[in-house]
Structure formats: structure tokens, C-alpha cells
Amino acid sequence: MSNNRQILSDYVLHLADNALILGQRNSEWCGHGPVLEQDIAITNISLDLIGQARSLYQYAAQLIGNGATEDRLAYLRDAREFRNCLLVELPRGDWAVTTLRQFFFSAYQMLLFQQMLHSSDTTLAAIAEKSLKEVTYHVRWSSEWVIRLGDGTEESHNRMENALADLWAFTGELFVPSDYEKSVADNGIGVDVSSLKDNWLQKVQDVFNEATLTIPTTTWFQSGGKEGIHTEHLGYLLADLQFLQRAYPGMEW
Amino acid sequence: MATNTNISTQQIWSLLEKVTDPEIPVLSIIDLGIVRAVNHSEESGETEIVITPTYSGCPAMDVIRMNIRMTLLEHGIEQVKITTVLSPAWTTDWMSEAGKEKLRAYGIAPPNPSQQVCDMKLFAEESVQCPRCGSYSTRRVSEFGSTACKSLYQCNACHEPFDYFKCH
């Protein structure tokens with residue numbers, strides 16, 4: 001595989017892994033949501049994310065060739081080969097953690113895909129166009145929850161404050177480009193994520209104003225996920241996700 | 001089964017009207033607007049069906065692909081290639097008027113035109129007409145319903161809970 005193709009497939013895998021891991025994490029709520037309607041909502045969001053991941057894995061498999069398939073990429077890579085951001089692999093926590101994380105991620109994805117519409121890579125531009133419609137709903141749904149809980153009761157507000165304290169240090173990584181992100185951004189294929197940060201912060205500020213929450217002043221952020229250095233949580237998630245294919249290789253429904 | 005070589009592109013479009021959405025069986029894939037092109041070569045007998053998904057993760061798409069194959073095979077069309085395209089992205093504006101009426105009769109409120117409502121305003125609710133009694137006094141119970149393409153509503157007039165095929 002040529003160097004450029006390798007870099008592009010790394011980038012596509014990074015995008016795919018973000019969507020798959022958050023989709024898998026959210027799907028843990030299936031049957032456990034606070035009320036039936038919200039159980040359905042979060043699992044529908046999972047479905048959208050896993051659908052986006054499938055489109056991206058199919059493209060990555062095409063770039064990698066050599067017998068790669070979307071299933072092999074999702075089910076047979078180890079934690080160190082995953083390039084997702086740490087934010088998406090963190091435990092689901094309570095409803096405040098789940099909805100605040102979804103808001104942080106969806107607001108980022110929205111800005112990312114709006115830029116990716118202009119990618120010189122037509123496949124990525126098409127996936128961005130398709131996904132953007134879905135992400136619009138995710139941003140709205142998650143924003144409403146952040147406001148509802150943040151500006152709710154003392155208990156719900158405290159839960160949101162705790163979620164914010166847990167998650168904030170993992171948001172910085174979204175906007176610090178890895179080497180492969182820098183390369184594809186320079187080629188007009190990928191998005192320069194560092195350019196998204198100001199707009200993202202503005203969106204967070206707008207929602208936090210209504211939610212009576214304050215953006216933390218800490219400037220130190222956790223990182224490593226994009227290079228395959230993960231938290232201890234990813235291994236457990238993958239054990240769950242990949243069990244069937246590891247135990248029964250090639251098994252189909 | 002004999003191979004049917006004398007079939008026209010128009011006849012293939014008609015056959016595709018028999019392929020329905022497995023989640024909403026009153027709607028054909030033509031009503032939904034997900035068939036983007038039919039490319040049929042009368043010389044070689046090869047047929048390409050170009051489709052686009054409603055939502056990225058719609059689990060019905062795999063079933064729809066299989067049903068297209070089976071329906072065409074029943075009519076002797078064997079060499080079928082199904083191509084999936086993502087752009088331009090599907091919109092509920094592509095749903096046929098006949099399809100919208102079928103939805104209403106089935107008890108699902110059809111989608112409003114997208115330019116009116118697909119925006120980012122928080123806590124806003126679309127004015128959706130109750131498919132049972134026709135009242136516009138309805139309220140959204142949840143943004144997401146039984147499938148990705150629907151949200152849950154309830155009518156304030158007749159109290160009927162119903163699905164709304166949301167604008168997309």
C-alpha cells in the first residue's frame with residue numbers, strides 16, 4: 001500500500017472507530033433507559049452511529065484491500081489498533097454523562113462533517129452529507145438533555161456538574177490533530193480539526209448558558225486515543241463487542 | 001425458470017413497486033424514493049438498480065436489497081447489480097404523494113416538507129396532523145420512535161398515540 005493510501009486508511013479508520021465505539025457504548029442503554037421513549041432515542045442514535053461506521057469501514061476496507069472487510073476491521077483488531085478518541089470509550093456513567101458526552105461529540109461531528117462536505121475525496125464527502133442529517137437530530141436531542149438536567153433540580157444539576165468534571169479533560173483531544181489528520185488536511189481530503197475548536201466552544205457556551213453550567217478553566221487535556229493509546233475501558237468494551245467473532249470465527253447470523 | 005431478455009426499463013420500474021419496506025409494508029421502495037436509477041441493457045440483459053439508504057444505519061436496507069433480487073428473479077431477471085449511493089442524501093421530500101397518503105391511511109403521520117422544519121431550534125415541535133382525527137393539536141412524546149425514521153406523537157384531541165415519519 002502506498003504511503004498516501006496508508007495515511008488515508010488510517011484517517012478513515014479513525015473516523016469509523018469514533019462512530020463504532022460510541023455507538024457500542026450507547027447501545028448498553030438498550031433495555032435500561034430511564035424511560036421507554038429515551039431508551040429508544042439513545043439506541044436509535046447508536047444505530048445511526050453504527051451505520052456511519054459501516055460506511056466508513058467499507059471504504060477503509062476498499063483502501064486497505066488484501067481481504068479486508070468491514071467486519072474484520074470492526075471485530076478482529078485489538079485495542080492498540082483502534083484510533084478513536086478517548087472521549088467515546090469512557091463508561092456510559094449515568095444519564096448525565098451519556099447525554100453530555102453525546103452533546104460534546106455530536107457538536108464536534110457536526111462541525112467536522114460540515115467541513116468534510118468540501119473534501120476532494122468524493123466518498124468522504126458523500127458520507128459526510130449523509131451523516132450530517134442524522135447528526136443534526138443528535139445535537140438537538142443531546143442539547144435539550146444538557147439544558148433539562150443542568151437547569152433542572154438540584155440533584156440533576158449536580159449530576160451534570162459531576163459529568164462535566166469527569167468528561168472535560170477528554171474533549172481537548174478532538175481538536176489536536178494526529179499526524180495522519182494533518183496529512184489529509186494538507187491534501188484537502190480531511191478536516192483541520194484545530195480550526196473547529198472556536199466554533200465548538202461557542203456552541204458549548206450557548207447551551208451551557210441555558211443549562212446554567214460553566215465551562216471549566218482547566219487547560220490540561222488527556223490524549224492518546226488517536227495513536228492507539230487507550231484507557232483501560234476500551235479493552236472491556238471490545239471484549240463485549242468482539243466476543244462472538246473471536247470465539248466462533250466467521251460466524252454469521 | 002427462463003431468462004427474461006425482453007423486458008424494458010419501464011417494466012423493471014413497475015416490478016420494483018412490488019418491493020416494500022419491511023418495517024412499513026404499505027410503502028413500496030418507489031413510494032419511499034430510495035430507487036435512484038434503473039440501468040438496463042437490453043443487449044446484455046444486465047440490470048443495475050441504484051438505491052440510496054434512508055438512514056445510514058437503517059437495518060431494513062439489507063432486506064430491501066435481497067427483496068429486490070428475489071422480485072426480479074421471479075420475473076426471470078437474473079443478472080442484477082445493486083449499487084448503493086450516499087449522495088445526494090435521501091430526503092423525505094422524495095417520498096411520493098401516493099406514499100404519503102398510504103402512510104396516513106396506515107396510521108402514520110406523513111413527513112412535513114423539509115424546508116419548513118429541519119432546523120436546529122431547541123425544544124421546538126413541528127405541527128403534525130393526527131392521522132386518525134385530523135387535529136393539529138398534537139404533541140411530541142419523543143424525537144425518536146419505533147424506527148430511526150419516525151418520532152412519537154400523541155393527539156390532544158382524540159388522545160391517539162401515533163408515529164410521525166419525521167422530515168429528513
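Filtering the stretch A:120-135 down to residues that are crowded, with 21+ Cβ neighbours inside 10 Å and of a type outside the set (Val, Ile, Thr), which residue is farthest from the chain's Cα centre (by Cα)?
Across the stretch A:120-135, the extreme among qualifying residues is A:Ala126.
If you check A:Arg101 against the conditions, is it in a helix (DSSP H, G or I), under 14 Å from the mean Cα position of the chain (by Cα) and charged (D, E, K, R)?
Yes.
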What do you reckon, is B:Cys133 surrounded by 20 or more Cβ atoms within 10 Å (Cβ to Cβ) and either within 28 Å of A:Ser46 (Cβ to Cβ) or not acidic (Asp, Glu) (or both)?
-> no
Quick one: is B:Thr91 closer than 30 Å to B:Ser137 by Cβ, within 14 Å of chain A (Cβ to nearest Cβ), surrounded by 15 or more Cβ atoms within 10 Å (Cβ to Cβ) and of a type in the set (Val, Ile, Thr)?
-> yes
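Mind telling me which of the residues A:His138, A:His157 ends up being surrounded by fewer than 18 Cβ atoms within 10 Å (Cβ to Cβ) and in a helix (DSSP H, G or I)? Give the derivation first.
Values: A:His138 fails: surrounded by fewer than 18 Cβ atoms within 10 Å (Cβ to Cβ).
Of A:His138, A:His157, the one residue that is surrounded by fewer than 18 Cβ atoms within 10 Å (Cβ to Cβ) and in a helix (DSSP H, G or I) is A:His157.
In the stretch A:20-43, which residue that is among the acidic types (Asp, Glu) and over 24 Å from A:Cys85 (Cβ atoms) is nearest to the chain's Cα centre (by Cα)? It would help to see each step written out before you state the result.
Of all residues in the stretch A:20-43, those among the acidic types (Asp, Glu) come to A:28, A:37, A:39.
After this cut, where a residue has to be over 24 Å from A:Cys85 (Cβ atoms) as well, the list is A:37, A:39.
Working: A:Glu37: 23, A:Asp39: 19 Å.
Taking the candidates together, the pick is A:Asp39.
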Kindly indicate whether any position in the stretch A:171-178 is touching a residue at least 60 places away in the same chain (Cβ under 8 Å), among the small types (Gly, Ala, Ser) and more than 14 Å from every other protein chain (Cβ to nearest Cβ).
-> yes
Taking the stated definitions as given, is A:Lys182 of a type in the set (D, E, K, R), part of a helix (DSSP H, G or I) and free of Cβ contacts under 8 Å to residues at least 40 places away in the same chain?
-> yes
Inspect all residues belonging to the stretch A:74-86 and state whether any of them is crowded, with 22+ Cβ neighbours inside 10 Å, over 18 Å from B:Phe144 (Cβ atoms) and of a type in the set (D, E, K, R).
-> yes
Is there any pair linking a residue in the stretch A:212-234 that is closer than 13 Å to A:Phe175 by Cα to one that is assigned to a loop (DSSP other than H, G, I, E, B) and of a type in the set (Gly, Ala, Ser), with Cβ under 7 Å and at least six apart or on different chains, and which?
-> A:Lys226/A:Ser178
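Go through the stretch B:131-159 residue by residue and tally those that are assigned to a strand (DSSP E or B) and more than 7 Å from every other protein chain (Cβ to nearest Cβ).
So in the stretch B:131-159, the residues assigned to a strand (DSSP E or B) come out as B:138-142, B:150-155.
Those still in the list that are more than 7 Å from every other protein chain (Cβ to nearest Cβ) too: B:138-140, B:150-151, B:153-155.
Matching residues across the stretch B:131-159 total 8.
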Does the stretch A:184-202 include one or more residues that are under 29 Å from A:Asn44 (Cβ atoms), within 14 Å of another protein chain (Cβ to nearest Cβ) and among the β-branched types (Val, Ile, Thr)?
-> no
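Matching residues to (1) in contact with a Lys or Arg (Cβ under 8 Å, 6 or more places away or on another chain); (2) within 14 Å of chain B (Cβ to nearest Cβ); (3) of a type in the set (Phe, Trp, Tyr); (4) over 29 Å from A:Ala68 (Cβ atoms):
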{"residue": "A:Asp10", "(1), (2), (3), (4)": "yes, no, no, no"}
{"residue": "A:Leu15", "(1), (2), (3), (4)": "no, yes, no, no"}
{"residue": "A:Arg25", "(1), (2), (3), (4)": "yes, no, no, no"}
{"residue": "A:Val35", "(1), (2), (3), (4)": "no, yes, no, yes"}
{"residue": "A:Thr43", "(1), (2), (3), (4)": "no, yes, no, no"}
{"residue": "A:Leu49", "(1), (2), (3), (4)": "no, yes, no, no"}
Write out, first by first residue and then by second, each pair whose Cβ atoms fall under 7 Å of each other, whose residues are 6+ apart or on separate chains, and whose first residue, in the stretch A:27-49, is in contact (Cβ under 8 Å) with a residue 24 or more places away in the chain and in a loop (DSSP other than H, G, I, E, B) while the second is surrounded by fewer than 21 Cβ atoms within 10 Å (Cβ to Cβ) and among the aromatic types (Phe, Trp, Tyr).
-> A:Pro34/A:Trp95
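Residue check: is B:Thr83 at pLDDT 90 or above, crowded, with 21+ Cβ neighbours inside 10 Å and either under 30 Å from A:Ala16 (Cα atoms) or of a type in the set (A, V, I, L, M) (or both)? Steps first, please.
Working: at pLDDT 90 or above: yes; crowded, with 21+ Cβ neighbours inside 10 Å: no; either under 30 Å from A:Ala16 (Cα atoms) or of a type in the set (A, V, I, L, M) (or both): yes.
So B:Thr83 does not fit the description; no.
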Given the conditions (1) more than 25 Å from B:Phe144 (Cα to Cα); (2) of a type in the set (Val, Ile, Thr); (3) at pLDDT below 95, report the number of the one that A:Val193 does not fulfil.
-> (3)
For A:Glu89, which of the numbered conditions (1) buried (at least 21 other Cβ atoms within 10 Å of the Cβ); (2) among the charged types (D, E, K, R); (3) within 14 Å of chain B (Cβ to nearest Cβ) fails to hold?
-> (3)
Which one is modelled with the lowest pLDDT, of the residues in the stretch B:105-126 that are of a type outside the set (Val, Ile, Thr), crowded, with 17+ Cβ neighbours inside 10 Å and under 19 Å from the mean Cα position of the chain (by Cα)?
-> B:Cys118
A:His118, sole failed condition from (1) outside any loop (DSSP other than H, G, I, E, B); (2) within 14 Å of chain B (Cβ to nearest Cβ); (3) of a type outside the set (Gly, Ala, Ser) = (1)
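The values are calculated or read from the model by the stated rules, or taken from the named source; none is laboratory data. Quick caveat, the model's predicted, so the values are computed rather than measured. So basically every Cβ, Gly included, is an ideal-geometry build from the backbone, and we count neighbours across all protein chains shown.
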